[in-house]
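Notes for the one structure printed next.
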Amino acid sequence: MHTYSPLRARSARFYLAASVLLLALTGVTRAALLTDDFSDANWEARWETHDDGVAEPSNWVMGPAGGLPDGSFGNTVNTLNGPGPGGSDEQAGSYALTLKAGAGNWTDYSASCEMFHMDNDYAGLFVRYVDELNYIRVWSKQEEADVGGETTYSIDKQIDGAWTMFHKTGGPGVGGDGISGTAVPAGVDAIQQQDWFSMTAEVVGDTVTMYLNGDLVDSVQDADFAPGGALEKGSFALYNCTNPMAYDNVEVGSLSVEARGKVAVTWAGLKGSAR
């Protein structure tokens, strides 16, 4: 739980009230699977850290250590560890995997947390994590030279170490600085360095949907996400690469299949009425 901010507190209250109303309007049933505001500093009992590849190890700590915001949890190292376990380097970095019992059997759920960029590179979430070679990755990059310095994103999958990046815009980024994602859509606020933002990844049936600060970014349908697919269920992790990052207020809640499409449409209306 990081230092109190009146503006962020008002925003959090709006999102909480809106979320409650949203679930009521859509008829979606939601049960909490995981919450963590890091008020308990014994994070090692709840999270297991992993570094892909063999380069410099990460340094996951509680803030204010390493310059992280006070009361947050994160990695203080500009980690780039490729190639990853599958032999390819698609921004292999570091991640903290939940140790919540039964997480490997989670299927349809919404995962969100607040993040704080300490650099300008990759940060995101792993959902339906099976093992180090099989999971869905949702990420944003604070600025991307390939698209004029805008915030970029992608939704990716890794199956047996082979990557598919649904929003990759080409090969290595400018100056070889990594993979290049797609610029966020118009109307989605850019992510700023040294500032908090929220990311949400929703996985329901064969569809993964991404939000930044409550704004719909994109979604992907894929047979590997459907029941019977390689990524039909799995755990949750916090991810970063070449980017020291702080995380706080993690929330994961189960969602019913009937939620598909209803949440995004109703959420857009709620956000519009709040502006």
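Every number here is computed from the coordinates shown, using simple stated rules; none is lab data. Quick caveat, the model's predicted, so the values are computed rather than measured. Heads up, the Cβs are rebuilt from the backbone with ideal geometry, glycines too, and the neighbour counts pull from every protein chain shown.
Numbers for the structure displayed
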| read-out | value |
| --- | --- |
| Those residues of region 99-129 whose amide nitrogen sits under 16 Å from the label point placed on Arg46, 7 Å along Cα→Cβ | 99-103, 111-115 |
| In Hz, Karplus ³J(HN,Hα) per residue of region 113-128 (6.51, -1.76, 1.60; θ = phi - 60°; x = Gly, Pro) | 7, 8, 10, 10, 6, 9, 8, 10, 10, 8, 8, x, 10, 9, 10, 6 |
| In sequence order, calculated HN-Hα J values of region 215-230 (Karplus, 6.51, -1.76, 1.60; Hz; x Gly/Pro) | 8, 5, 9, 5, 8, 9, 9, 7, 4, 5, 8, 6, x, x, x, 5 |
| From phi via Karplus (6.51, -1.76, 1.60), per-residue ³J(HN,Hα) for region 129-135 in Hz, x at Gly/Pro | 6, 9, 7, 5, 10, 9, 5 |
| Distant-in-sequence amide H partners of Ile179 (H built 1.01 Å from N, under 5 Å) | Gln91, Gly173 |
| Lys/Arg +1, Asp/Glu -1 at C-beta; region 76-137 dipole; positive extreme among Ala101, Thr76, Phe116 | Ala101 |
| Inter-label distance, nm, simple model (7 Å from Cα along the C-beta direction), Asp70/Thr169 | 3.9 |
